[in-house]
Amino acid sequence: MNGTRAGAGGLFAECQGPRLGKCNHGDVERNTNDAKEAFSQPAKTWTGKLTLGLAILATGWAIAAFYYDVPISWLRAPLAIVYAVGAGAIFWTSWPRSKAILLWAVSLCCVIGWWLTLRPSNDRPWQPDVAQLPWAEVTGEHVTLHNVRNFDYRTETDYTERWETRDLNLSEIAGVDIFMTHWGAPLIGHVMVSFQFNNKVGPAKFVAVSLEARKTVGQEYSAIRGLFRQYELIYLVADERDV
């Protein structure tokens, strides 16, 4: 008695003998392995594409880190180009071999390690509107704020500087307001907090706190550069009208 036991795409080999008891097990094992490889191929393809995509994004960040954050300006472009060419060669010739992935990962870790060594400083030629650091003296509920900014602005860059000292009492806080502004990009905003103090004598006082990029003289703000270590940050304490 001869018969055939069929599987998906000829997965199992032909069997002979009573009740189909005699089979070519080598063919069965080989065909089974081929089927497993065929079924796992889509998963490998998507995993490989995802890994490659993340690697390319991380490489792009590393290139930009060289271009923006290397302290020596004339070295920025050459280092960015060298890293881009090296990473591109790995992706083009060797990816996704394990040695290539290891080499790329080590190079990225070196870039991250260097980038994390960059530290902020208070000793720079700051623009006048962020030149002073605020500080406070606290005695119980009484607070004395120093270097409160309250400039008189004619234009954004033309102003009369005025840094003030203000005496406040925490028991007189009557309200807290949160403001959000944006500069034409609705998905990117800037948040400020303003505290209202109801003084028993005279009008209410408003003191705002804003986290600002601390730009140096001649430095312009860039949202892209802000993703890297281009700007120190300053907690600016100011009159609400000022900010």
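Specify, per residue and in Å³, the volume enclosed by the convex hull of the alpha carbon atoms belonging to segment 134-243.
Once divided by residue count, the hull of segment 134-243 is 136 Å³.
Describe numerically, in nm with one decimal, the distance between label points set 7 Å from Cα along Cα→Cβ at Val209 and at Trp46.
Placing both labels 7 Å beyond Cα along the Cβ direction yields 4.6 nm.
In terms of solvent-accessible area of protein heavy atoms at a 1.4 angstrom probe, what is the ranking of Leu187, Leu57, Leu52, highest value first?
From most exposed to least exposed: Leu187, Leu57, Leu52.
If you filter segment 117-187 for trypsin sites (Lys or Arg not before Pro), then keep DSSP loop positions with at most 12 other Cβ within 10 Å, what is left?
Listed in order of number, the matching sites are Arg154, Arg162.
Once ligands and nucleic acids are excluded and a 1.4 Å probe is used, how much of Trp95 is accessible, expressed in Å² to the nearest 10?
The accessible area comes out at roughly 40 Å².
Counting other C-beta atoms within 10 Å, and keeping those with at most 15, which DSSP coil chymotrypsin sites (Phe, Trp or Tyr not before Pro) do you find in segment 212-243?
Tyr221
Over segment 117-196, average the accessible area per residue using a 1.4 Å probe and give it in Å², no decimals.
Result: 69 Å² per residue.
Given segment 113-170, report the % of alpha carbon pairs whose separation exceeds 18 Å.
Looking at segment 113-170, the distances longer than 18 Å represent 55 percent of pairs.
Tell me the GluC sites (Glu not before Pro) within segment 180-243 that lie in a loop according to DSSP and have at most 15 other beta-carbon atoms within 10 Å.
Filter output for segment 180-243: Glu220.
On the full set of protein chains, 1.4 Å probe, figure out the accessible area of Ser73 and give it in Å² to the nearest 10.
Roll a 1.4 Å probe over it and Ser73 shows about 80 Å².
With all protein chains present and a 1.4 Å probe, how do Asp239, Asp177 order by accessible area, largest first?
Heavy-atom accessible area, descending, gives Asp177, Asp239.
Largest first, how would Leu236, Leu54, Leu108 line up by accessible area (1.4 Å probe)?
Highest to lowest solvent-accessible surface, that is Leu54, Leu108, Leu236.
Show log10 I(q)/I(0) for segment 46-142 at q = 0.23 Å⁻¹, two decimals, from a solvent-free Debye sum over equal Cα scatterers.
So the normalised log intensities are -1.20.
Quote the FRET efficiency, to the nearest 0.05, computed for Cys110 versus Asp152 with a Förster distance R0 of 35 Å and r equal to the Cβ-Cβ distance.
FRET efficiency, Cys110 to Asp152: 0.10.
The values are calculated or read from the model by the stated rules, or taken from the named source; none is laboratory data. The model shown is predicted, which means the values in this text are computed figures rather than measured ones. In this analysis, Cβ positions are derived from the backbone assuming ideal geometry, glycine residues included, and neighbour counts consider all displayed protein chains. The area values use the complete protein model at the heavy-atom level, side chains included, leaving out ligands, DNA and RNA. Shrake-Rupley method; radii C 1.70, N 1.55, O 1.52, S 1.80 Å.
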